[in-house]
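Notes follow once the structure below has been shown.
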């Protein structure tokens, strides 16, 4: 299929991949929250966040390549980023909505477990002052995360963060059509 085909919808592939990546994030978040959060070392959370991010970036790259193939093998930077950005939006909406549902209804003790992990991490440094400050910061952070403004800020920051890497992926995926083929 190429971009002159009237049946081609430039949002079909990004929407599909946005849902797939969102489901992958839900799966990893759920497994972590249900089985690993209480038993994992606090540093393991950072490792899992990195792995989740890397998987998302790889899947966004795969989506970009599929979009390019569907467009006849050529895609400019704008088209590539547009598709990636749509996937990012869908993925973030899905994961944010699920996170709200999960932390409020499925596992209402999630934030307490998160706080306990923060305290455990701080106490591993062996300083009581650091531990007390960590408790205070964890409580403030949890209240921010639970608030509408905190969730909106998290949503906006996620879009910005992923979009920065989306620009890089778009630059990698783009393949301009040679002038002699126009």
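Which of the numbered conditions does residue 132 fail, given that it passes all the others? Conditions: (1) under 24 Å from residue 32 (Cα atoms); (2) assigned to a helix (DSSP H, G or I). Looking at each condition in turn, residue 132 falls short on (1). From (1) modelled with pLDDT under 90; (2) assigned to a helix (DSSP H, G or I), pick out the condition that doesn't hold for residue 164. Result: residue 164 fails condition (1) only.
Does any residue of region 52-65 turn out to be crowded, with 17+ Cβ neighbours inside 10 Å, within 30 Å of residue 11 (Cβ to Cβ), in contact with a strand residue (DSSP E or B) (Cβ under 8 Å, 6 or more places away or on another chain) and at pLDDT 95 or above? Yes, region 52-65 contains a residue that is crowded, with 17+ Cβ neighbours inside 10 Å, within 30 Å of residue 11 (Cβ to Cβ), in contact with a strand residue (DSSP E or B) (Cβ under 8 Å, 6 or more places away or on another chain) and at pLDDT 95 or above.
When the residues of region 133-146 are filtered to those that are farther than 24 Å from residue 30 by Cα and surrounded by 13 or more Cβ atoms within 10 Å (Cβ to Cβ), which remaining residue is modelled with the lowest pLDDT? Here the answer is 134. For the structure I just gave you, tell me whether residue 81 is farther than 19 Å from residue 167 by Cα, within 20 Å of the chain's Cα centre (by Cα) and assigned to a helix (DSSP H, G or I). Criteria not met by residue 81. Among the residues of region 93-123, just one is closer than 21 Å to residue 158 by Cβ and not in a helix (DSSP H, G or I), namely 107.
Quickly run through region 147-182 and pick out the residues that are farther than 18 Å from residue 83 by Cα and either surrounded by 13 or more Cβ atoms within 10 Å (Cβ to Cβ) or in contact with a strand residue (DSSP E or B) (Cβ under 6 Å, 6 or more places away or on another chain) (or both).
Step one: filter region 147-182 for residues farther than 18 Å from residue 83 by Cα, giving 147-157, 178-182.
150, 151, 153, 154, 155, listed by residue number.
Pairs linking a residue in region 119-134 that is at negative phi and in contact (Cβ under 8 Å) with a residue 60 or more places away in the chain to a residue that is surrounded by 13 or more Cβ atoms within 10 Å (Cβ to Cβ) and part of a helix (DSSP H, G or I), with Cβ atoms under 8 Å and 6 or more positions apart or on different chains, are 120/42; 121/42; 121/134; 124/42.
Among the residues of region 23-41, is there at least one that is surrounded by 14 or more Cβ atoms within 10 Å (Cβ to Cβ), outside any helix (DSSP H, G or I) and in contact with a helix residue (DSSP H, G or I) (Cβ under 7 Å, 6 or more places away or on another chain)? Steps first, please.
The first filter runs over region 23-41 and keeps only residues surrounded by 14 or more Cβ atoms within 10 Å (Cβ to Cβ), leaving 23-26, 28-30, 32-33, 36-37, 40.
From what is left, the residues that are outside any helix (DSSP H, G or I) are 37, 40.
Next, only the ones that are in contact with a helix residue (DSSP H, G or I) (Cβ under 7 Å, 6 or more places away or on another chain) stay: 37.
Among the residues of region 23-41, at least one is surrounded by 14 or more Cβ atoms within 10 Å (Cβ to Cβ), outside any helix (DSSP H, G or I) and in contact with a helix residue (DSSP H, G or I) (Cβ under 7 Å, 6 or more places away or on another chain), which makes the answer yes.
Scanning region 70-105 for residues that are out of contact with any helix residue (DSSP H, G or I) (no Cβ under 8 Å at 6 or more places or on another chain) and closer than 28 Å to residue 149 by Cβ returns 97, 101, 104, 105. Please work out if residue 141 is over 17 Å from residue 112 (Cα atoms) and either touching a residue at least 60 places away in the same chain (Cβ under 8 Å) or part of a helix (DSSP H, G or I) (or both). Spelling it out, it is not the case that residue 141 is over 17 Å from residue 112 (Cα atoms) and either touching a residue at least 60 places away in the same chain (Cβ under 8 Å) or part of a helix (DSSP H, G or I) (or both).
The values are calculated or read from the model by the stated rules, or taken from the named source; none is laboratory data. The shown structure was predicted, so the numbers you read here are calculated from the model rather than taken from an experiment. Positions of Cβ are generated from backbone atoms using ideal geometry, with glycine treated the same way; all protein chains shown enter the neighbour counts.
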